[in-house]
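**Q** Submitted below is the structure of interest, expressed as structure tokens.
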Amino acid sequence: MLRRLLVSYRIVLCLTTLVVVLATYAAPVQQIEQWALRLAMSLVPVAPVSQRVTVATVDSEAIQRFGPWPWPRDRIASVVDQLHKLGARTIGLAFPLAEPQTPARLPEYQEQAVGLPKDARDRVRDWLRRLDTDRILAQSLQRAGTVVLGADRGVPGQRHEALSWPLKPAGAGGLPGALAPLMAAPSAKAPPDRLPLPEFNQAAAGIGHLETMSDSTPTGSRLAWREGERLIPSFALRVAMNGLAFREADLTLLPNGRLQLGRNPVTTATDWVAYPPPAEARNGQSAVEEVPIMSLWTRSDASRSVRNRVVLFGPVAPESVAPVTAPGGYQLAPVLWQAHTVAALLNRSALDVPAWFHGSQRGLLLGILLYLVLLPARWHGRIGLLIGGVGTLVLLNSGVLVLVTQGQWLPVTIPSLFLLGGQAALFSNQRHASRLTAMQRRTSDALRTLAENLMNQGRLDLAYERLCQCPPGRETLEPFYHLALEFERRRQFSKALASYDRISEIDPAYRDVESRRQRFRTVTHHASLTGTSGSNATTVVMVNDPTIERPVIGRYHIECELGRGAMGVVYRGVDPKIGRKVAIKCLAFTEEFEGHELEDIQRRFHREAEAAGRLDHPNVVTVYDVGEEHDLAYIAMDYVEGSSLEAYTHPDHLLPVEEALEVIAQVAEALDYAHSRNVVHRDIKPGNIIYNRDTGVLKVTDFGIARLTDESKTKSGSILGSPAYMSPEQVAGKKVDGRSDLFSLGSTLYQLLTGELPFTGDSVTNVLYRILNEKPKAVTRLRPELSTGLSRLVSRTLNKDPKKRYQSGAALAEALRRCI
């Protein structure tokens, strides 16, 4: 149910909407709306030619006469003087002045001129004053008193207090706190600035950040940036403020997020971006007047274009600056774009971007989500696609209509695309679901037919797998029910319960399924021979219900499972002939092997039984019987009461030292006996040693991975055993002998004494590496009360070189008893 909910198209729509809404807080995503606005701006009428802004342009003719741009500062000073003389209200220099032009060694030259004759000294000083073009421009700026300079982009992280001033709120009110995040515009990081030279800053009427026009296709102009509680103005805003005779204190922040200049709100979006109308009409008429720089001296009516106006001065020649493409597709020099922005601010002709711009955009997205979620499934096809297409056209055309008639920009592009995309996704999902349903129906019919054939052949596991692959439905109830009955007949109750569970998921009231499930739920609390995925003979389960006959393997009645190992599962059983309890070790050949591998593992199993059957020692588990039943092989062994030594390997539950040494001595004697008969255990560890403290009986068990060391029957082969107890030669895949078992027994002794393994690591590879290359800590470091002699004994047992260990189990047993 949860999986169906997670893959539901409604959940996907909600998650997608959440992603889109969050994405609208990123400026790159809002560029989609900017792109649509640029397209629609070609339909917006051009504002009348501004009578308040003029651009003094450095055109190609001026470049040819006075040389390439940038010009010397004294020539710029002459232009500033001329504009001031003609009565300019405000002068804006739309180019950076951060680098000095005056020669750095000018003071040195002035000092050297002191020793010259008077006439020569005066001429040299006059010449040197002319070289000090920065001073000349600074004096010109001082005389004019109305010049605004631009600060271009500087080194990242660089900030100047001279460029910003404290942000002044215009009073309380605004949006409630809960709605404010919904209305928030994408944040813009304040750019690093490089101020003009200090002498220019002191003489200027103001400084603003001059956009570098890295975007060759601007839609709007950012008027300010917020940095904490301070505001960084743009060049265009600073020029407009000077043109309107406003001071810094006259610029305030409204509660709705807009800026206010004096008593009039600045027509900007909440992110402080102004969107001027198209810069040029189709007949080529510009929204601002352009005056070539040469005409300031040659035209008698030049003052008419300059007096009481805001005049921006900068290059427009194509060989000097790269043009930008303004909305409507018009090519403009950067200074003309700045002038166009200033004119829109002075004339209040910028497009109106409502304070609820971004909030309405996100509200539309949520409204479209509600529509898509509630849309009936029958309308997900072509009808829904048609509705989505019409809705998209209506939204887009409404936005264009409001833009052209009211001069107001509405955020309908992203919601329109979301509506169209969502409707297309629903259409695609319906088509895919229809094809998938038809395919599943055909596949289900084929799988049910195949499952019936497999049941007839007695291959119940494969039949169950094929039925599980069918989509859940009432057509699978009867095949599952017949399969469950067949599992019951074969005493595979866990699989029968699994089949009934499948039926119950579809229809709990089907036939007598519920009563059968209750009956077998208690049965399957007992583990099966090799799990529910095993073959027929291996899935005999333990049953406590007296109404159900106990399973039988060979002649042995199974009572319960004792444990599982690398070679199979061990059960406790009873030999009905003599009433003796036995441990029965089982292995299902056909589950893991087939073909030649199956034949090889069968031979190997009998070899292991032969190896264990040779052993007759009081500390070695006795093998009574070996046989096969169907595809299940078994070995009947002596059943030993007690627990494995794993119970005494915890630091807070260790055996007394003397008792631990005696236990290991008995194991060493048992191994010595096995080694004398060419049998190597290969997996000595606490879990394979059964110890009954009450009776003192100890047995070494699980020779399940033993190999005969007789060369006529086996060769050195793959690594077997538990990694933490392996000997170095066993890890390296070398041929092993009884000394390998003594190393493993040393690891067991180490753990019984200290509660820790001698070699540990965070992975099997790490453990094996330490076995091969590192020495374990001395046991006296972990238990200082242990004798040094015992520490040396343990270290010798764990020596990497088999020749330096005890060479027999008897020798090790003798050494252990000397330490008691």
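The values are calculated or read from the model by the stated rules, or taken from the named source; none is laboratory data. Values in this document were obtained by computation on a predicted structure and should not be read as measured data. Because the Cβ atoms are built from the backbone with ideal geometry, glycine has one as well, and the counts that use them run over all protein chains shown.
For every residue, the table says whether it meets (1) over 47 Å from the mean Cα position of the chain (by Cα); (2) basic (K, R); (3) part of a helix (DSSP H, G or I).
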site	(1), (2), (3)
Q751	no, no, yes
F759	no, no, no
V767	no, no, yes
P784	yes, no, no
R792	yes, yes, yes
N799	yes, no, no
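**Q** Is it the case, given these coordinates, that T341 is surrounded by fewer than 16 Cβ atoms within 10 Å (Cβ to Cβ) and of a type outside the set (F, W, Y)?
**A** no
**Q** I've got another one for you. Here is a list: G92, G145. Which entry is surrounded by fewer than 14 Cβ atoms within 10 Å (Cβ to Cβ), assigned by TED's automatic domain parsing to the domain that holds A203 and modelled with pLDDT of 90 or more?
**A** From the options G92, G145, the qualifying one is G145.
**Q** Between G687, G704, which is more than 25 Å from E662 (Cβ to Cβ), surrounded by 18 or more Cβ atoms within 10 Å (Cβ to Cβ) and modelled with pLDDT under 90?
**A** G704
**Q** Right, next: Hey, among the residues in the range 612-659 that are touching a Leu at 6+ places or on another chain (Cβ under 7 Å) and under 26 Å from S676 (Cα atoms), which one's surrounded by the fewest Cβ atoms within 10 Å (Cβ to Cβ)?
**A** N619
**Q** Using beta carbons and a limit of 9 Å, which pairs, at least six apart or on different chains, have the first residue in the range 427-439 and in contact (Cβ under 8 Å) with a residue 24 or more places away in the chain and the second one loosely packed, with under 13 Cβ neighbours inside 10 Å?
**A** F427/R382; Q430/A377
**Q** Given the residues G422, G399, which is the only one that is assigned to a helix (DSSP H, G or I), within 35 Å of the chain's Cα centre (by Cα) and buried (at least 21 other Cβ atoms within 10 Å of the Cβ)?
**A** Of G422, G399, the one residue that is assigned to a helix (DSSP H, G or I), within 35 Å of the chain's Cα centre (by Cα) and buried (at least 21 other Cβ atoms within 10 Å of the Cβ) is G422.
**Q** Any residue that is among the hydrophobic types (A, V, I, L, M, F, W, C), out of contact with any Asp or Glu (no Cβ under 8 Å at 6 or more places or on another chain) and free of Cβ contacts under 8 Å to residues at least 12 places away in the same chain - is there at least one of those in the range 803-817?
**A** yes
**Q** Can you tell me which residues in the range 11-34 are among the small types (G, A, S), in a helix (DSSP H, G or I) and modelled with pLDDT of 85 or more?
**A** A23
**Q** All but one of (1) more than 51 Å from the chain's Cα centre (by Cα); (2) outside the structural domain of A56 (by TED's automatic domain parsing) hold for G359, so report the exception by its number.
**A** The single condition G359 does not satisfy is (1).
**Q** When you go through (1) crowded, with 21+ Cβ neighbours inside 10 Å; (2) over 30 Å from E290 (Cβ atoms) one by one for G359, which number turns out not to apply?
**A** Unmet for G359, out of (1) crowded, with 21+ Cβ neighbours inside 10 Å; (2) over 30 Å from E290 (Cβ atoms): (1).
**Q** In addition: Determine which single condition K577 fails, assuming it passes every other condition in (1) in a strand (DSSP E or B); (2) modelled with pLDDT of 85 or more; (3) over 23 Å from F487 (Cα atoms).
**A** (1)
**Q** Take the residues in the range 634-663 that are in contact (Cβ under 8 Å) with a residue 60 or more places away in the chain and in a strand (DSSP E or B); name whichever of them is nearest to the chain's Cα centre (by Cα).
**A** Here the residue is Y634.
**Q** Moving to a separate point now. Which members of the range 296-316 meet the condition of being more than 20 Å from R89 (Cα to Cα) and more than 50 Å from the chain's Cα centre (by Cα)?
**A** T298
**Q** If we keep just the residues of the range 56-89 that are outside any helix (DSSP H, G or I) and of a type in the set (A, V, I, L, M), which is surrounded by the fewest Cβ atoms within 10 Å (Cβ to Cβ)?
**A** L86
**Q** Of the residues T780, T748, T754, T788, only one is assigned by TED's automatic domain parsing to the domain that holds V663, touching a helix residue (DSSP H, G or I) at 6+ places or on another chain (Cβ under 6 Å) and without any contact (Cβ under 8 Å) to a residue 12 or more places away in the chain; which?
**A** T780 is the lone residue from the list that is assigned by TED's automatic domain parsing to the domain that holds V663, touching a helix residue (DSSP H, G or I) at 6+ places or on another chain (Cβ under 6 Å) and without any contact (Cβ under 8 Å) to a residue 12 or more places away in the chain.
Per-residue answers, yes or no, for (1) in contact (Cβ under 8 Å) with a residue 60 or more places away in the chain; (2) part of a loop (DSSP other than H, G, I, E, B); (3) over 21 Å from Q440 (Cα atoms):
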residue	(1), (2), (3)
A463	no, no, no
P471	no, yes, no
E478	no, no, no
L485	no, no, yes
E488	no, no, yes
R502	no, no, no
P508	no, yes, yes
R511	no, yes, yes
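**Q** What is the number of the single condition among (1) under 21 Å from L483 (Cα atoms); (2) at pLDDT 90 or above; (3) in the same structural domain as Q602 (by TED's automatic domain parsing) that I548 does not meet?
**A** Unmet condition: (2).
**Q** Let me ask something else. Look at the range 620-667 and say how many of its residues are charged (D, E, K, R) and touching an Asp or Glu at 6+ places or on another chain (Cβ under 9 Å).
**A** Qualifying residue count, the range 620-667: 3.
**Q** Against the definition (in contact (Cβ under 8 Å) with a residue 24 or more places away in the chain and in a helix (DSSP H, G or I)), how does R362 come out, yes or no?
**A** yes
**Q** Would you be able to say whether some residue in the range 376-397 is touching an Asp or Glu at 6+ places or on another chain (Cβ under 6 Å), within 28 Å of S8 (Cα to Cα) and among the polar types (S, T, N, Q)?
**A** No, that holds for no residue.
**Q** In the range 757-774, which residues are surrounded by fewer than 16 Cβ atoms within 10 Å (Cβ to Cβ) and touching a residue at least 24 places away in the same chain (Cβ under 8 Å)?
**A** Those that are surrounded by fewer than 16 Cβ atoms within 10 Å (Cβ to Cβ) and touching a residue at least 24 places away in the same chain (Cβ under 8 Å): T760, V764, L772.
**Q** Among the residues of the range 411-426, write down those that are in contact (Cβ under 8 Å) with a residue 40 or more places away in the chain and under 20 Å from V353 (Cα atoms).
**A** P411, V412, T413, I414, P415
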